[in-house]
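Q: The structure is given below, and queries will be raised subsequently.
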Amino acid sequence: MRVKQQKLSTWIWLFTAVSVLGASPARADVVNVSAVQHKIGTTNAAAPIKDIPRLSEIQRPHTSVKDWLTQQTQQNQVIQITRVRLSQTANGLEVILETSTSDKLQVAIKSEGNNFIADIPNAQLQLTSGSSFRQQKPVAGITEVTVTNIDASSIRVTATGEGSVPKVELDDSNEGLIFVFTPVISSTPQTAKPSNEKPSQSSQEAIELVVTGEQQGYSVPDATTGIRTDNIPLRDIPQSIQVIPRQVIEDRNVVRLSELADNVSGVQPERGYGGLSSLGFRVRGFLTNFETLRNGFPDYGYFSPRDVANIERVEILKGPAAVVYGGSPTQYAGGSGVVNSITKKPLSQPYYNGNVTYGSYEFLRPTLDISGPLTDDKSVLYRLNVAYESADSFRDFVEYDSFFISPVLELKISDRTKLTFEYEHQKYNYTFDNGFPIEPEVLKLPRSRFLGEPNFANGEVTSNSFTYNFEHQFSNNWKFRQGFNILSANLNDAKQVSPGSLQDDRRTLDRTFYASDEEHKNITLQNEISGKFSTGSIRHNVLFGVDLARNVFNYIFAPDLELPIDIYNPQYGGTPIPVEDGSPFGRKIVSENVGLFAQNLIELRPNLKLLLGGRLDFNDYSTKDRVSGDTLSEQSNTRFSPRVGIVYQPSDTTSLYFNWTNGFSPQFQARSRTNEQFKPQNTEQFEVGVKQNFLKDKLSATLAFFQVTKQNVLTPDPVDDLFSIQTGEQRSRGIELDIAGEILPGWKVVANYAYIDGTVTKDNVIPVRDRLFGVPEHSAGLWTTYEFQRGGLQGLGFGGGLYFVGEQEVDLPNTFKLSSYIRADASIFYRRQNYRFAVNFKNISNVKYYEVDGYSIDAASPFTVLGTVSVEF
């Protein structure tokens, strides 16, 4: 198997090189004809707009091959809109789509109700983030202006009038394409204003409203995580996907990604290794520790929290995702979903942001975010994020500090070719804190109680990540992408104390001491071709790809020591003694994977879509003893992961969907008493749901009914519990509701509710019907903010959050439960010109609650206050 995989890898690398070197523009499938000449003059958009060609618009016959090639190149060119800018005028509003080649834009215009609509079939938005812009009530008479990406090569501009469609005039300039809107104001007589009243804003000089980022607030219309394809609306994807945008992260002052579990139904935070990691989640009852992504690449932040400074949004796909990302490289993941962090991208306009946060327990966090062009033609863009963080803790003897830096460089090689380089470096010094053991007595302890040793609980994590992304558009409809990522994380000279069990007196805790050196490396190469074509009236959105990955996990532990402690009256500073027969222990685990996948989102009708996908993975795994060098096990697997989904849209605001999908995780670290290979753990999901948009797409909701079944679960061998057998099955099913968006101007909300019945359905040791640990039957969350939009209080805002978590088991087999709780958060903030001031209050009622991982219990933070000052230019 290994020889076959090496041969296959060689051919894939060769194919990739030929694809890149041979990339050249191809003729577009559809010839787009400009429907409107720029500077079309004033149009009364209240009446239907007709496209009447002028003599100059009629194309002449091709007189030469050169003319024909020039015309085809211009038709195929997708022009980037780098910025959307609004400028008030004496009579209305200008909407400027900034680009240096506005004369090549093709525009088709129409009106629907009170909406003026302009479709541009050869352009794409490239804003700070996302693929859309929205501004509500920019001037009197216009209720909203939106600019959105329709697909990979076209955008739509919409302006909504209050009483009727606004009048419009188009023009192009050196700045870009300009839409000049004049509202049609009601003729109702107005009361004369006093002579001493200040003139209205519309009668003053034009005021420019500059927007460099996404303006969707809490609702995001699309995501790449679901099907690895850009600009596919979430309503067209037959699977539950929730997106947490940057604005939620800032409004809540999130400093750990795990905090975002509050804002997504069916998701709980997973306590990390030694209390360090913030990437662990449970989705629909099962772990995703090793299925976390960063820009679509594996991101194993097992050793330390990944910084949020350069995170633009977080996309959470619920359910197995092996069809697009492959199986997990370890047996510790549940195949129930992925959490994909999308990082900030370079901007074409200068941008500078500085931020300082200070708060409880000496928390200090300054950050810097700068971006802009490095060349006059904006063909080279950069972005730099830097963050430093240090803090004590509500936990005795615990403290940490972290430094993070991430430069990004984007090269626009041509109008159709782009290359991006991204690097991340983080150094994290910490106190290793293993929390409390799974014993009911620990719930009586103060949450500050530290059960390690102050002088034997420290370490340093250094992580580095390098990524490049190469994209080339053959035409408006076909694109090639190659991505490469190498990630390295080292946990050096870590001193750890692991809690054991309480002795018979129920107060003396056995503890094990050990030192370790651990290393994790991952290399991933992604190659994919995406395209669109039609067969008759049926539209196809296809994706073909090849992924190669190599993952190495090295660790070695020094001989164990032991020293018990009284949990009610701890005395620190004792001398640990050697464990009987203690010896160094270590493993080197290597996994290699080749994945071939294909996917097609088929538009059978405009309101009926079918998603078909499949992936074939070739996996090789080996485990060696780090001390003796002996090979302990080798395993090869070939797995096919299918996915089928269907979406029916009875209206423009409603999507009904169904999906069936599979995932897998290998079982190569555990041992069988008969030395047999274990089958990969298999995860199967059925899901049916409704996606609904409200309030003119400003508010979105997803209601999902699901069942996830995990089979081939390992359980202890009843003959000898040092070995395992494969008889287990676990199942999770339930209902989830997620709501996000804007209810009224300035009033934003993200809310969720989940009912999950997560149980053991088959096992030889764990009782059937035992509940999965860390999974409450009922949970709900609400975060909402309101910001005054005008008047003397303009810029002042308030936020509040309520989070309910029901009772949850702490382990398997079930021994005891954690009580339900309600936690409250709040914030107050003020925006003034380029400044923002905010104070966040977390856990206002100081409720005592915990997080669990099946091995230990971790007390959550008490009442905390964080104050932030930021400035942006």
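Q: Filtering the stretch 475-509 down to residues that are outside any strand (DSSP E or B) and more than 32 Å from the chain's Cα centre (by Cα), which residue is surrounded by the most Cβ atoms within 10 Å (Cβ to Cβ)?
A: So, considering only residues that are outside any strand (DSSP E or B) and more than 32 Å from the chain's Cα centre (by Cα), the one surrounded by the most Cβ atoms within 10 Å (Cβ to Cβ) is Arg507.
Q: Which residues, counting only those in the stretch 116-163, are closer than 18 Å to Arg416 by Cα, among the aliphatic types (A, V, I, L, M) and in a loop (DSSP other than H, G, I, E, B)?
A: The answer is Leu127, Ala152.
Q: Looking at Tyr821, Tyr835, Tyr830, which is the one that is under 30 Å from Leu451 (Cβ atoms), outside the structural domain of Ala309 (by the TED database) and either surrounded by 18 or more Cβ atoms within 10 Å (Cβ to Cβ) or over 26 Å from the mean Cα position of the chain (by Cα) (or both)?
A: Tyr821
Q: Within the stretch 768-788, take every residue that is under 12 Å from Ala754 (Cα atoms) and surrounded by fewer than 20 Cβ atoms within 10 Å (Cβ to Cβ) and give me the one that is nearest to the chain's Cα centre (by Cα).
A: Checking each candidate, the answer is Ala780.
Q: Answer yes if at least one residue in the stretch 711-728 is touching a Ser or Thr at 6+ places or on another chain (Cβ under 6 Å), in a strand (DSSP E or B) and of a type in the set (Gly, Ala, Ser), and no otherwise.
A: yes
Q: Give the residues of the stretch 848-862 that are touching a Phe, Trp or Tyr at 6+ places or on another chain (Cβ under 9 Å) and surrounded by 15 or more Cβ atoms within 10 Å (Cβ to Cβ), sorted by residue number.
A: Tyr849, Tyr850, Val852, Asp853, Gly854, Ser856, Ile857, Asp858, Ala859, Ala860, Ser861, Pro862
Q: Tell me the residue from Asp433, Asp415, Asp369 that is farther than 19 Å from Arg83 by Cα and among the acidic types (Asp, Glu), please.
A: Asp433 is the lone residue from the list that is farther than 19 Å from Arg83 by Cα and among the acidic types (Asp, Glu).
Q: Based on what the data block shows, is Ser219 at pLDDT 85 or above, in contact with a strand residue (DSSP E or B) (Cβ under 8 Å, 6 or more places away or on another chain), farther than 30 Å from Arg615 by Cα and polar (S, T, N, Q)?
A: So Ser219 fits the description; yes.
Conditions (1) surrounded by fewer than 16 Cβ atoms within 10 Å (Cβ to Cβ); (2) under 30 Å from Gly689 (Cβ atoms); (3) under 34 Å from the mean Cα position of the chain (by Cα), marked per residue:
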| residue | (1), (2), (3) |
| --- | --- |
| Pro564 | yes, no, no |
| Pro578 | yes, no, no |
| Asn593 | no, no, yes |
| Arg605 | yes, yes, yes |
| Leu608 | yes, yes, yes |
| Gln635 | no, no, yes |
| Arg643 | no, yes, yes |
| Asp652 | yes, yes, yes |
| Thr661 | no, yes, yes |
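Q: Could I ask something else about it? Only one of these is in contact with a helix residue (DSSP H, G or I) (Cβ under 8 Å, 6 or more places away or on another chain) and either in a strand (DSSP E or B) or modelled with pLDDT under 85 (or both): Ser700, Ser672. Name it.
A: Unique residue meeting the criteria: Ser700.
Q: Being buried (at least 19 other Cβ atoms within 10 Å of the Cβ), in contact with a strand residue (DSSP E or B) (Cβ under 6 Å, 6 or more places away or on another chain) and in a loop (DSSP other than H, G, I, E, B), is that true of even one residue in the stretch 349-357?
A: no
Q: Let me spell it out: the conditions are (1) surrounded by 20 or more Cβ atoms within 10 Å (Cβ to Cβ); (2) out of contact with any Pro (no Cβ under 9 Å at 6 or more places or on another chain), and Gln135 meets all of them except one. Which number is the exception?
A: It is condition (1) that Gln135 fails.
Q: On to the next question. Could you grab me the full set of residues in the stretch 825-834 that are closer than 20 Å to Arg252 by Cα and either part of a loop (DSSP other than H, G, I, E, B) or modelled with pLDDT under 95 (or both)?
A: Across the stretch 825-834, the qualifying residues are Arg831, Arg832, Asn834.
Q: Check Thr631, Thr535 and return the single one that is modelled with pLDDT of 90 or more, of a type in the set (Ser, Thr, Tyr) and over 30 Å from Arg506 (Cα atoms).
A: Of the residues listed, the single one that is modelled with pLDDT of 90 or more, of a type in the set (Ser, Thr, Tyr) and over 30 Å from Arg506 (Cα atoms) is Thr535.
Residues are listed down the side, and each one gets a yes or a no for (1) β-branched (Val, Ile, Thr); (2) at pLDDT 95 or above; (3) over 21 Å from Asp251 (Cβ atoms); (4) touching a strand residue (DSSP E or B) at 6+ places or on another chain (Cβ under 7 Å):
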residue: Trp783; (1), (2), (3), (4): no, yes, no, yes
residue: Ser819; (1), (2), (3), (4): no, yes, yes, no
residue: Phe837; (1), (2), (3), (4): no, yes, no, yes
residue: Asn843; (1), (2), (3), (4): no, yes, no, yes
residue: Asp853; (1), (2), (3), (4): no, no, yes, no
residue: Leu866; (1), (2), (3), (4): no, yes, no, yes
residue: Val871; (1), (2), (3), (4): yes, yes, no, yes
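Q: In addition: Would you check which residues across the stretch 153-185 are of a type in the set (D, E, K, R) and farther than 28 Å from Asn231 by Cβ and list them?
A: Selection gives Glu162, Lys167, Glu169.
Q: What single numbered condition from (1) more than 19 Å from Asp262 (Cβ to Cβ); (2) crowded, with 16+ Cβ neighbours inside 10 Å fails to hold for Leu793?
A: It is condition (2) that Leu793 fails.
Q: On to the next question. Look at the stretch 379-421 and say how many of its residues are closer than 24 Å to Phe474 by Cα and assigned to a strand (DSSP E or B).
A: Qualifying residue count, the stretch 379-421: 13.
Q: Only one of Phe403, Phe394, Phe363 is within 30 Å of Lys495 (Cβ to Cβ), out of contact with any strand residue (DSSP E or B) (no Cβ under 6 Å at 6 or more places or on another chain) and either surrounded by fewer than 20 Cβ atoms within 10 Å (Cβ to Cβ) or at pLDDT 95 or above (or both); which?
A: Going through Phe403, Phe394, Phe363 in turn, just one is within 30 Å of Lys495 (Cβ to Cβ), out of contact with any strand residue (DSSP E or B) (no Cβ under 6 Å at 6 or more places or on another chain) and either surrounded by fewer than 20 Cβ atoms within 10 Å (Cβ to Cβ) or at pLDDT 95 or above (or both): Phe394.
Q: Could you please let me know if Val442 is at pLDDT 90 or above, buried (at least 19 other Cβ atoms within 10 Å of the Cβ) and assigned to a strand (DSSP E or B)?
A: The answer is no for Val442.
Q: Considering only residues that are surrounded by fewer than 18 Cβ atoms within 10 Å (Cβ to Cβ) and closer than 15 Å to Ala489 by Cα, look in the stretch 524-555 and name the one that is nearest to the chain's Cα centre (by Cα).
A: Arg550
Q: Is it the case, given these coordinates, that Asp376 is over 12 Å from Val255 (Cβ atoms) and either touching a Leu at 6+ places or on another chain (Cβ under 7 Å) or part of a strand (DSSP E or B) (or both)?
A: It is false that Asp376 is over 12 Å from Val255 (Cβ atoms) and either touching a Leu at 6+ places or on another chain (Cβ under 7 Å) or part of a strand (DSSP E or B) (or both).
The values are calculated or read from the model by the stated rules, or taken from the named source; none is laboratory data. Because the structure is a prediction, the values reported are computed rather than measured. Positions of Cβ are backbone-derived with ideal geometry, glycine not excepted, and every protein chain shown enters the neighbour counts.
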